[in-house]
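Chemist: Please see the structure below; I have some questions.
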Amino acid sequence: MEDILDRAIRFAVKAHEGQLRKDGSPFILHPLEDAAIVGTMTNDREILAAAVLHDTVEDTDVTPEEIRENFGDRVYTLVMHETENKRPAVPPEETWRIRKEESLASLAKSDDPAVQMLWLGDKLSNMRAFHRYYFSKGEDIFNRFNNKDPKAHAWYYGTIVKLLQPLADQEAYQEYRRLFHEVFDRFLNP
């Protein structure tokens with residue numbers, strides 16, 4: 001029988017086929033990096049599969065039911081913890097704050113280390129890209145997002161630093177916190 005992680009990788013590659021990140025790189029690199037980061041904290045194949053699949057419901061035509069049917073209840077639950085309600089009928093710049101507040105509330109309510117690891121993998125991957133772009137191109141990075149206010153991003157990513165404190169002994173958390181401060185301290189304390 002095929003390993004759940006191998007199936008998840010194949011499934012995510014197909015789901016994200018042709019998609020690009022805001023920097024123009026193939027989208028699939030982000031969930032694979034997320035899984036690699038999570039792999040520094042656990043060998044649990046279901047958690048790693050959820051890391052690879054974390055953006056499939058939010059950013060592709062994949063339904064939650066497809067995740068449950070193909071990967072089971074635990075992977076489904078973990079993926080849904082990482083999935084924002086994007087409210088497709090409303091422009092994304094109008095829903096940015098509420099989507100982030102809802103996501104942070106979900107993270108704050110969870111004491112599941114698997115959920116925290118998934119968040120850390122996802123957000124560290126994002127923060128690495130943020131850091132690279134910010135220090136090569138400057139504040140123009142914020143023009144790529146639905147919310148263009150650097151202070152709003154500082155609030156969001158800073159709240160994540162606080163909520164992921166239970167993982168403070170992990171190298172991934174320490175890297176995330178360091179990169180966050182290098183990029184966002186200037187917007188927190190102008």
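Chemist: Can you list the helices (runs of 4 or more DSSP H) found entirely within the stretch 1-92 that contain at least 1 residues being of a type in the set (Ser, Thr, Tyr)?
Modeler: On the way: elements: 4-15, 29-38, 45-53, 56-59, 64-81.
Per the criteria, 56-59, 64-81.
Chemist: Report every pair of residues separated by at least 6 positions or lying on different chains whose Cβ atoms are under 6 Å apart, first residue within the stretch 83-108 and under 20 Å from HIS54 (Cα atoms) and in contact (Cβ under 8 Å) with a residue 12 or more places away in the chain, second of a type in the set (Asp, Glu) and surrounded by fewer than 17 Cβ atoms within 10 Å (Cβ to Cβ).
Modeler: THR83/GLU58; GLU84/GLU58
Chemist: If I go through the stretch 40-51 residue by residue, how many of them are of a type outside the set (Asp, Glu), in contact with a Leu (Cβ under 9 Å, 6 or more places away or on another chain) and over 16 Å from LYS123 (Cβ atoms)?
Modeler: Filtering the stretch 40-51 down to residues of a type outside the set (Asp, Glu) leaves 40-43, 45, 47-51.
From what's left, in contact with a Leu (Cβ under 9 Å, 6 or more places away or on another chain): 41-42, 45, 47-51.
Going one step further and asking which of them are over 16 Å from LYS123 (Cβ atoms), we end up with 42, 45, 48-49.
Total meeting the criteria: 4.
Chemist: Which residue is farthest from ALA129 (Cα to Cα), if the candidates are limited to the stretch 167-185 and must be over 19 Å from the mean Cα position of the chain (by Cα) and without any contact (Cβ under 8 Å) to a residue 24 or more places away in the chain?
Modeler: Here is the first cut: in the stretch 167-185, the ones over 19 Å from the mean Cα position of the chain (by Cα) are 169, 182, 185.
Those left that are additionally without any contact (Cβ under 8 Å) to a residue 24 or more places away in the chain: 169, 185.
Details: ASP169: 23, ASP185: 17 Å.
Across the stretch 167-185, the extreme among qualifying residues is ASP169.
Chemist: Just a yes or no: is a residue in the stretch 153-174 basic (Lys, Arg) and either modelled with pLDDT under 95 or not in a helix (DSSP H, G or I) (or both)?
Modeler: Start the filter on the stretch 153-174 by keeping residues that are basic (Lys, Arg), which leaves 162.
With the extra rule that they be either modelled with pLDDT under 95 or not in a helix (DSSP H, G or I) (or both), the set shrinks to none.
No.
Chemist: At pLDDT 95 or above, closer than 30 Å to ILE141 by Cβ and surrounded by 19 or more Cβ atoms within 10 Å (Cβ to Cβ) - does that describe any residue in the stretch 60-68?
Modeler: Within the stretch 60-68, one or more residues are at pLDDT 95 or above, closer than 30 Å to ILE141 by Cβ and surrounded by 19 or more Cβ atoms within 10 Å (Cβ to Cβ).
Chemist: Here's another thing I want to ask about it. Restricting the search to the stretch 47-69, which residues are of a type outside the set (Asp, Glu) and either touching a residue at least 24 places away in the same chain (Cβ under 8 Å) or at positive phi (or both)? Quick ask: steps written out before the conclusion?
Modeler: Here is the first cut: in the stretch 47-69, the ones of a type outside the set (Asp, Glu) are 47-54, 56-57, 60, 62-64, 67-68.
ILE47, LEU48, ALA49, ALA50, ALA51, VAL52, LEU53, HIS54, THR56, VAL57, THR60, VAL62 - these are the residues of the stretch 47-69 that are of a type outside the set (Asp, Glu) and either touching a residue at least 24 places away in the same chain (Cβ under 8 Å) or at positive phi (or both).
Residues checked against (1) among the hydroxyl-bearing types (Ser, Thr, Tyr); (2) in a helix (DSSP H, G or I); (3) at pLDDT 95 or above:
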| residue | (1), (2), (3) |
| --- | --- |
| LEU104 | no, yes, yes |
| LEU107 | no, yes, yes |
| GLN116 | no, yes, yes |
| TRP119 | no, yes, yes |
| ASP122 | no, yes, yes |
| SER125 | yes, yes, yes |
| PHE130 | no, yes, no |
| TYR133 | yes, yes, no |
| GLU139 | no, yes, no |
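Chemist: Mind checking whether some residue in the stretch 151-158 is charged (D, E, K, R) and out of contact with any Phe, Trp or Tyr (no Cβ under 6 Å at 6 or more places or on another chain)? If you could, list the steps in order and put the result at the bottom.
Modeler: Of the residues in the stretch 151-158, the ones charged (D, E, K, R) are 151.
When the remaining residues are screened for being out of contact with any Phe, Trp or Tyr (no Cβ under 6 Å at 6 or more places or on another chain), the result is none.
Within the stretch 151-158 (the criterion being charged (D, E, K, R) and out of contact with any Phe, Trp or Tyr (no Cβ under 6 Å at 6 or more places or on another chain)), the answer is no, since none of the residues qualifies.
Chemist: From SER110, SER136, SER106, SER125, which residue is under 20 Å from ILE28 (Cβ atoms) and either surrounded by 18 or more Cβ atoms within 10 Å (Cβ to Cβ) or not charged (D, E, K, R) (or both)? It would help to see each step written out before you state the result.
Modeler: Values: SER110 fails: under 20 Å from ILE28 (Cβ atoms); SER136 fails: under 20 Å from ILE28 (Cβ atoms); SER106 fails: under 20 Å from ILE28 (Cβ atoms).
Answer to the check: SER125.
Chemist: Same structure again: Does any residue in the stretch 149-166 that is of a type in the set (Lys, Arg) come within less than 9 Å, Cβ to Cβ, of a residue that is at pLDDT below 95 and surrounded by fewer than 17 Cβ atoms within 10 Å (Cβ to Cβ) six or more places away or on a different chain, and which pairs are these?
Modeler: Here the result reads LYS151/LEU188; LYS151/PRO190, each pair linking the stretch 149-166 to a residue that is at pLDDT below 95 and surrounded by fewer than 17 Cβ atoms within 10 Å (Cβ to Cβ).
Chemist: So, in the stretch 142-190, of the ones that are over 15 Å from ASP122 (Cβ atoms) and acidic (Asp, Glu), which residue ends up surrounded by the fewest Cβ atoms within 10 Å (Cβ to Cβ)?
Modeler: ASP169
The values are calculated or read from the model by the stated rules, or taken from the named source; none is laboratory data. Please read all numbers here as calculations on a predicted model, not as lab measurements. Every residue, glycine among them, receives a Cβ derived from its backbone with ideal geometry; neighbour counts consider all protein chains shown.
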